[in-house]
Amino acid sequence: MRNALFLFSLLVFIAVLAATRHASSEEDPLVSTFSMVAFDPENGDLGVVVQSKFPNLRPVVPWAKAGVGAVATQSFVELDYGIKGLELMEYGATAEEALRIVLRGDEGRQSRQVGIVDADGNAATWTGLEAFDWRGARIGQRDGSVTAAGPEQDNVGTVLTGYGFTAQGNILVSKETVEAMAHAYMNTEGQLADRLVELNMGHRYWMQVRADNVVRNPRKFEKWAKAGLDTVLVGLE
């Protein structure tokens, strides 16, 4: 089942604690944006999760479409990564191809940060040279390893590719936030819904789904209801 899931939440006891643990003082502002896009190979589910200092991110950062892909666009947000990125993947581009095409037309690319995954699980991420520190990402690989992006690896400003998921953030205290997100995703068993329940990742989600999937998979929706699903958009494709 290829559902597109917009997952808006706090990574409560994983990413947030990792980000705040090394804050130098209580007077330091907690300013950050971090996100993950993910693909579940068991059932084709696609998801986006984002947390930020900025309010009301729902219309701008997370993008997803059933059977197509998911995108998180942040750091001086450019909507084309979501709009055109999904359009390109719907017409057959991989996550990497879609990302590179939109980057080529973006004069402000060095200020952007993007994570993208397609419906085959191909993932790609970009962090521009002008995104605020700490900035970087962790992207999964088919062999179960994780590739790091950040100033420590001297690969900011480079498109990195992988499989399954990519977690990225900027204005972070350190790399530990994206590392914790990647570790949590890779080390929790079950489907995407199961991982959310076990990790207490959030409380309100909405889902885009085909009508036949609702009929064929009632237990799937029971899982998502437990995880916090409150809105289902049903299409008749």
Of the residues in the range 102-127 that are of a type in the set (D, E, K, R) and surrounded by 22 or more Cβ atoms within 10 Å (Cβ to Cβ), the one that is farthest from Gly69 (Cα to Cα) is Arg112
Could you figure out which of (1) modelled with pLDDT under 85; (2) closer than 24 Å to Gly140 by Cα; (3) surrounded by fewer than 22 Cβ atoms within 10 Å (Cβ to Cβ) isn't true of Val61? (3)
If I go through the range 59-89 residue by residue, how many of them are in a helix (DSSP H, G or I) and within 15 Å of Ala123 (Cα to Cα)? 6
Of the conditions (1) part of a loop (DSSP other than H, G, I, E, B); (2) more than 19 Å from Thr177 (Cα to Cα), Trp134 clears all except one; give me its number. (2)
Matching residues in the range 33-58 - criterion: being modelled with pLDDT under 75 and part of a loop (DSSP other than H, G, I, E, B): Lys53, Phe54, Pro55, Asn56, Leu57, Arg58
Residue check for Glu97: surrounded by fewer than 20 Cβ atoms within 10 Å (Cβ to Cβ), assigned to a helix (DSSP H, G or I) and either over 13 Å from the mean Cα position of the chain (by Cα) or in contact (Cβ under 8 Å) with a residue 60 or more places away in the chain (or both): yes
Some residue of the range 86-94 being at pLDDT below 95, within 14 Å of Val37 (Cβ to Cβ) and crowded, with 19+ Cβ neighbours inside 10 Å: no
Tell me, please, whether a residue that is at pLDDT 95 or above, basic (Lys, Arg) and farther than 23 Å from Ala66 by Cα can be found in the range 139-160. no
Show the residue pairs that are 6+ apart or on different chains and have beta-carbon atoms under 6 Å apart, the first residue being within the range 67-82 and acidic (Asp, Glu), the second being buried (at least 24 other Cβ atoms within 10 Å of the Cβ). Asp80/Val102
Top-ranked residue of the range 128-154 - restricted to ones that are of a type in the set (Asp, Glu) and loosely packed, with under 14 Cβ neighbours inside 10 Å, ranked as farthest from Asp106 (Cα to Cα): Asp143
Criterion first (under 20 Å from Ala66 (Cβ atoms) and among the charged types (D, E, K, R)) does Glu78 satisfy it? no
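The values are calculated or read from the model by the stated rules, or taken from the named source; none is laboratory data. Here the structure is a predicted model, which means the values were calculated and not measured. Methodologically, a virtual Cβ is constructed for each residue, glycine included, from the backbone with ideal geometry; neighbour enumeration extends over all protein chains shown.
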